[in-house]
Amino acid sequence: MQLITWNIQRARGPEGRTDLNRAVAYVRRLADFDVLCLQEVSSGFTDLPGCDGSDQFQGLAARLPGYNAFACLSTDTLHPSGARRMFGNMIFSRYPVLQVFRHSLPWPSDPGVMSMQRVALEVTLDTPLGLLRVTNTHLEYFSALQRKAQVERLRELHREAVCQARSERPGEHTAGPFCAVPRAAAGLLVGDCNYLPGSEEHVRMQAPFDEPISPYCDVWQTVHPGRPHAPTVGLYDKSADRSPPFTFDFAYVTQDIAQRVHGVKVDASCNGSAHQPILVELAR
């Protein structure tokens, strides 16, 4: 199984031009991926740099035939023109998608700090490796208060999923919304986390639980122990006040399937966004 996670930032390259064809070409060149997790997909926004307002959710789905496409909106607002303005994450999967959850993450008030609603898109996949839960997220950038609350919620969602995967639900109907759908205990959490390796949030995301639940572990550290994470942001920043490249994008895997991770790679050649894609490979 090959999974790519990438904050496409509306598919805007360093020259300021938005190009979905270029973005799709980059991920296809990186791998013949089975699962693709994208952040910062937009529709209806013309006030974002390089954005023409086109529906990128539909545009990406049209460019990726053969994949099941799912979206989760963090922003869905009405423009004065009457058009909807939408912003969020997408997951594309070759595998059957048994169940989809769209989680709104905590957004506690943080006066004086610019912020926006954040979400996590979760799917349960029926893969050759067994059932896997993939969660694609994008955490708050400006507010540390909100970002820490979002990390706690993601941990809570993981705990909830594992407990549900382990327990029977008595009295289930065989049809309708009460019908039992399998939920995987093992899984991956990927996305733009907007924190640095070794930060409080990075450490907390991997913290053990008080009960026998397999915690998340950083895929990069699993494959490259002791080696600094390859930078995922700023490689092609040409601004006058640019900082050295750094890492905000991560892939985590539950510890119980960490031995199945056979590789992880940050594609440093891609310049279709301010972020770099990450490729994760799992095997039996």
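Summary table below
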read-out	value
Filtered residues of the stretch 103-135 (kept if open to solvent by 40 Å² or more (accessible area, probe 1.4 Å), part of a strand (DSSP E or B) and farther than 15 Å from Thr75 by Cβ)	Asp126, Leu131
Any pair with Cβ under 9 angstrom, 6 or more apart, that starts in the stretch 189-202 at a residue that is under 24 Å from Ala161 (Cα atoms) and acidic (Asp, Glu) and ends at one that is part of a loop (DSSP other than H, G, I, E, B) and open to solvent by 20 Å² or more (accessible area, probe 1.4 Å)	Asp192/Tyr141; Asp192/Phe248
Hits in the stretch 2-18 (condition: on the phi < 0 side of the Ramachandran plot, out of contact with any Pro (no Cβ under 6 Å at 6 or more places or on another chain) and crowded, with 16+ Cβ neighbours inside 10 Å)	Gln2, Leu3, Thr5, Asn7, Ile8, Arg12, Gly13, Thr18
Index of the failed condition, Leu145 passing every other in (1) among the hydrophobic types (A, V, I, L, M, F, W, C); (2) assigned to a helix (DSSP H, G or I); (3) open to solvent by less than 70 Å² (accessible area, probe 1.4 Å)	(3)
Given (1) open to solvent by less than 40 Å² (accessible area, probe 1.4 Å); (2) closer than 27 Å to Gln9 by Cα, index of the condition Val203 fails	(1)
Condition check for Ala186: in contact with a helix residue (DSSP H, G or I) (Cβ under 7 Å, 6 or more places away or on another chain) and either loosely packed, with under 13 Cβ neighbours inside 10 Å or free of Cβ contacts under 8 Å to residues at least 12 places away in the same chain (or both)	no
Every pair of residues 6+ apart whose Cβ atoms lie under 6 Å, when the first sits in the stretch 203-216 and is more than 14 Å from Ala185 (Cα to Cα) while the second is of a type in the set (Val, Ile, Thr)	Arg204/Val151; Met205/Val151
Filter result (open to solvent by less than 20 Å² (accessible area, probe 1.4 Å), among the polar types (S, T, N, Q) and not in a loop (DSSP other than H, G, I, E, B)) within the stretch 241-284	Thr254
Any hit, the stretch 22-34, residues being among the hydroxyl-bearing types (Ser, Thr, Tyr), in a helix (DSSP H, G or I) and within 24 Å of Thr232 (Cβ to Cβ)	yes
The stretch 45-65 residues that are open to solvent by 80 Å² or more (accessible area, probe 1.4 Å), paired with ones that are of a type in the set (Asp, Glu) (beta carbon under 7 Å, 6 or more apart)	Thr46/Asp52
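The values are calculated or read from the model by the stated rules, or taken from the named source; none is laboratory data. Quantities reported herein were computed from a predicted structural model and do not represent experimental measurements. So basically every Cβ, Gly included, is an ideal-geometry build from the backbone, and we count neighbours across all protein chains shown. Areas reflect the complete protein model, heavy atoms only, side chains present, ligands, DNA and RNA absent. Shrake-Rupley method; radii C 1.70, N 1.55, O 1.52, S 1.80 Å.
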